[in-house]
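*Asks:* Before we start, here is the structure in question, set down as C-alpha cells.
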Amino acid sequence: MLQRKQGLKRAGIVPLGVCTSLMISCTVLANEAAPIQLPSIQVDGVQSSGDDTDYRAGYSSTADKTETPYLQQSQTVDTVTPQQLKDQAPQTLEDVIKFMPGVVVSNNFGGTQDSFIKRGFGNSDDGGVLRDGVRMPIGRNFQRVTTERVEMLKGPASLLYGMQEPGGVINVITKKPQYQWNSALGGTLSDQGGGDGWFDVTGPLGETGFAFRLIGQNRDENYWRNFGQNTSKLVAPSLSYESDDLSFLAAYEYNDYSNTLDRGAVFYNGHHVGSRDKRLDEKWTRAQGQRQSFNTTTEYRLAPDSRVRLTTGWVYDHYNDYQADPSEYRPATGELTRRFRRNVGANRENAYLSLDWIGNKTWYGIDHDLVTGVDYETRREANGDFLQSRNVGGFYPANPQYGLLPATGTVNPSNTNGKSHIKGQSLYVKDTIHLGEKWILAPGLRYQHYSIDAGAGLDFKQTTDEGESKLLPFLGLVYQMRDDLSVYANYSQSFAPNEMESGTTFEGTYKSETGRQYEVGLKYDNGDWTSQLALYDILKKNVQQNTGELDEFGNMVQRLAGEVQSRGLEWSMTGRLNAQWSVIGNYAYTDARIKKDTEQTEGNRLFNVARHVGGAYLTYEVPADIFAGRLRLGSGARYVGKRAGDISNSFELPDYTTLDAFASWNSSHLLGKETSLQLNASNLTDRSYFVASGGNTRRVSWGEGRTLRLSAQVSF
C-alpha cells in the first residue's frame, strides 16, 4: 500500500519553529532541500535519511526541489552520502563518482577540470556540475571539507535546471550552519609529500535565531608523477537564520588554487609512448586562479502548506594556465615536438536567480505536490591574450630531458580575446499527483528562452549570435507495488546552446542541441538498503564533436553530428546488510553511437564512453572496541571497459580495474568529543591505466598511481 505523504510531511518538511526548538537547521539552499537532521525515525512508512553513518539515502532533493522519498521518485537519482564521503575520502569529483553507475571521466584538460560523461553524454563545459543547485563554471568544483553529500540526477534535467546535456546533472550539496556547537580540526599527509590542514566551526549566535559556520583549508601536496604540485587556500563562511515563518542562508567561498596541468600520454599505433612515471610536460605547467562564490536562499512560509523561495547564486573565477602541448610524434627517431601555450587571463562568471512557489494541496480529494517558478541565468567568459610558440623538437619520451621548451610565445590571433555571453529566462511547473493509494503521476513543463553571443580574435570577430525558445515537457509515473517496491517511468527532454570552446574552431552551420529520453525502472527500499534497475533510451541531435584534426593555427576543429543515441541499463545497490556490514554495488551497460553523420563516422562509438562499467565496495565495522575505539575497514574495486579514443575510433583506451581501501579508528575517550585516524589507499595495486582522452592521440590522461593518505581529526 502506498504510504501517501500528508501536509508538511508530504514535502519532507517540518515547521521552521520546530526546527529551531530542536536546535537543528532546516534551511533549504539553492534549488534543493537540505537534509533534515532528525534521528532515524519512520516517516509515513519510509525510514528517514537522517542517519549520517549509512550508505543508504532514503530521500533526495535534486529531482523535485523538495525532499522526496526514494520509492516515490519518478527519475533515477544516485546519492553519495556523508558516510561514503567520510570513508572513501575523495580528493576530487572524479573520486566521488567512482561508485556511481553510468558515469565516467571525459576530457578533464590535463586533470584541472571536472568533466564527466553521464549515460553517454557530457564534457567539461556542459554546465552539468551544480553546487546547491546553481550551475558552476568549468574547473574543479568539489571541496571535501565543505561538502555534505553529492546527488546525481540521471537523464535530461532541463525541466528544473535549464540548459543542460541529456545525460544528467551532478549536484554538490554543501555543509550548512548548525544550531548545536561543534568544532573540528583535521589534517592529511600524503605519501607523495605534503598534505592539508583544515578547521570547521559551527554553532548558534545566542538566542537570536542565527547560526554560523566557518570552514578553512590550506593544501600543499606533491603531484603523484615525477613533478608537480597542487596548492589551495580556502575559506568558506556561512550564516543562517530560522524563525517560525522565515529562513535565510548566505554562503560565501573563496579559493586561491594552483593545480598541476598534466597533458598525459601520446598514443602511436594504438600504444602510448614513454612511461607513466615520466611526464611529457615541463615543470612550469599548471592551471591557477582565484574563485569566489556567493549564494543566498530566502524562504517564507505563507501557510502550513505553501511557501516561497528566492535563490540567488554568483560565481566568479579568474583563471590562467601554462601548457606544454604535444604536437607531433616522430616514430622513426622517437622524438616528440611540443609547443608552449598559455591563457594569460580568463574571467568566468555565472549568475543565477530563481523564485519558486512550493505547495502541497488537496483538490477534489487528490493530493498535489507543486513546484512552479521562474529563473534567470547569465554566463560570461572573457579571455585575454592566448600565447603560443612554434613547435620545438629535441624531446624524447623514452629518455626525457626537461627545460628545452621555454615558457614564452607570441599572441595567437584567432584564440585571443575570446568572449562568450549566454542568457536564459524560463518559466516552469511540476505537479506530483497522488492518484489513489498506489499511483503517482508527475507532469511538468518548462518554457526556455536563451541567447548566445560569442566571438574571438585579436581583430574581434563575432562567431555566434543566436537565440531560441522552446517548450520542454516532462512526464513521470510511479506505481508502488508494495511498501518496499515501486516501478517508475519517465519521458523528458533537454535543450542547450552549442558553444565553441576556447582553442577550437567550428566547421559547418550552427544549431542548438536537443535531446529526449525514455526511461523505465524498478526501485527497492527495505529501510536498510536500496536498489534500483533502470533502462533508458536517449537521442540527441546537433551534437558538438571534436574531429581529432587541427586547423592551420593549431586549434582543435569541431563540428556537429546529426544524431547520437545512447541506450543502456543501470543497476545499483547501497546500504546496510546488517549491523556490521555495508555495501555499495553497481553496474552500467552503455551503448552510445553516432547514428547520423558523415560516412567516415556514422555508426562509430562515442569516444570516452565505456560499454561496461561496474564496481563494488564493502565495509565492515568491528563490533568490539579496539583500543577504546571503533574500527571500520573497507575495500572496493571499480572496472571500466574499453573506450574509443576519438570520434573516428582510430585508437582505443584499454579497460582497467582499480582497487581502493581504507581503515579508520574513532574514539570518544582520547581528545575532545571524538578523535579519528584514517588511512586511505587509492589504486592499491598501482595499476597503470588511462582515465580519458581529449579526443585525439596527443592528449590522453593517465589515471593516478597508488597513493596513500593518512588523516586525523579531533572534534570539540
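Coordinate-derived values only; no laboratory data. The structure presented is a predicted model; accordingly, all values stated were derived computationally and were not measured. Here Cβ is always computed from backbone atoms with ideal geometry, including for glycine, and neighbour counts include all displayed protein chains.
*Asks:* If you put +1 on each Lys and Arg Cβ and -1 on each Asp and Glu Cβ, how big is the dipole of the stretch 563-716 around its Cα centre, in Debye rounded to 20?
*Replies:* Numbers: 18 positive and 15 negative charges, 20 e Å.
Dipole magnitude for the stretch 563-716 comes out near 100 debye.
*Asks:* To continue, here is another question. Based on the Cβ-Cβ distance from residue 229 to residue 353, what FRET efficiency comes out when R0 is 35 Å, to the nearest 0.05?
*Replies:* Working: r = 38 Å, r/R0 = 1.09.
That pair, residue 229 with residue 353, gives E of 0.35.
*Asks:* Let me ask something else. Across the stretch 377-386, in residue order, what do the Karplus-derived ³J(HN,Hα) couplings come to in whole Hz, using 6.51 cos²θ - 1.76 cosθ + 1.60 with θ = phi - 60° and x for Gly and Pro?
*Replies:* Computed from phi, the couplings for the stretch 377-386 are 9, 9, 10, 10, 9, 10, 9, x, 5, 10 Hz.
*Asks:* Here's another thing I want to ask about it. Positive end of the dipole of the chain, charges at C-beta (+1 Lys, Arg; -1 Asp, Glu), about the Cα centre: which of 157, 383, 147 has its Cα farthest in that direction?
*Replies:* Result: 383.
*Asks:* Which pairs, out of 175/470; 511/595; 118/419; 511/642; 154/278, put more than 26 Å between their alpha-carbon atoms?
*Replies:* Values: 175/470 35 Å; 511/595 17 Å; 118/419 28 Å; 511/642 31 Å; 154/278 38 Å.
Listed pairs above 26 Å: 175/470; 118/419; 511/642; 154/278.
*Asks:* I would also like to ask the following. Explain nothing, just the number: relative contact order of the stretch 602-716, from Cα pairs under 8 Å at least 6 residues apart, as a whole percent. Write down the numbers at each step before the final one.
*Replies:* Details: 275 pairs, mean separation 25.9, N = 115.
The value is 22 percent.
*Asks:* Still on this structure, I have one more. With θ set to phi - 60°, apply the Karplus curve 6.51 cos²θ - 1.76 cosθ + 1.60 along the stretch 293-303 and write out the HN-Hα couplings as whole Hz, x wherever there is a Gly or Pro.
*Replies:* Here the 3J(HN,Hα) series is 9, 9, 10, 9, 9, 10, 10, 10, 8, 6, 7 Hz.
*Asks:* Between residue 283 and residue 205, take the C-beta separation as r, use R0 = 51 Å, and let me know the FRET efficiency to the nearest 0.05. Walk me through the numbers before you get to the answer.
*Replies:* On the way: r = 47 Å, r/R0 = 0.93.
The calculated FRET efficiency here is 0.60.
*Asks:* Just going by the charge dipole of the chain, with Lys and Arg at +1 and Asp and Glu at -1 on Cβ, which of 187, 485, 543 is farthest out on the positive end?
*Replies:* 543
*Asks:* Find the relative contact order for the chain and round it to a whole percent, using C-alpha pairs within less than 8 Å whose residues are 6+ positions apart.
*Replies:* Values: 2176 pairs, mean separation 85.7, N = 716.
Relative contact order comes out at 12 percent.
*Asks:* Among 457-463, 574-580, how do they line up from the highest to the lowest mean number of other beta-carbon atoms within 10 Å? Please list the in-between numbers first.
*Replies:* On the way: 457-463: 12.7, 574-580: 15.1.
Sorting 457-463, 574-580 by mean packing, highest first, produces 574-580, 457-463.
*Asks:* Please work out how much length the chain gains when fully extended from residue 620 to residue 459, using 0.36 nm per residue of separation minus the C-alpha to C-alpha distance, in nm with one decimal.
*Replies:* Values: separation 161, 0.36 × 161 = 57.96 nm, distance 6.28 nm.
This chain segment gains 51.7 nm when fully extended.
*Asks:* Could you work out [θ]222 nm for the chain from helices alone, using -39500 (n - 2.57) per DSSP H run of at least four and dividing by all its residues? Round to the nearest 500 deg cm²/dmol.
*Replies:* Working: 5 runs with 25 residues, N = 716.
Mean residue ellipticity at 222 nm (helix-derived): -500 deg cm²/dmol.
*Asks:* Please order 117, 358 by the number of other Cβ within 10 Å, starting at the fewest.
*Replies:* Fewest to most other Cβ atoms nearby, the residues stand as 358, 117.
*Asks:* Based on the mean of other Cβ atoms within 10 Å per residue, sort peptides 131-137, 640-646, 371-377 so the most packed one is first. Don't jump to the answer; show the numbers that get you there.
*Replies:* Numbers: 131-137: 24.9, 640-646: 21.4, 371-377: 18.6.
The packing order, highest mean first, is 131-137, 640-646, 371-377.
*Asks:* In debye to the nearest 20, how big a dipole does the chain give about its Cα centre with +1 on each Lys and Arg Cβ and -1 on each Asp and Glu Cβ? Don't skip to the end; give the middle numbers.
*Replies:* Working: 74 positive and 83 negative charges, 143 e Å.
With Lys and Arg at +1 and Asp and Glu at -1, about 680 debye.
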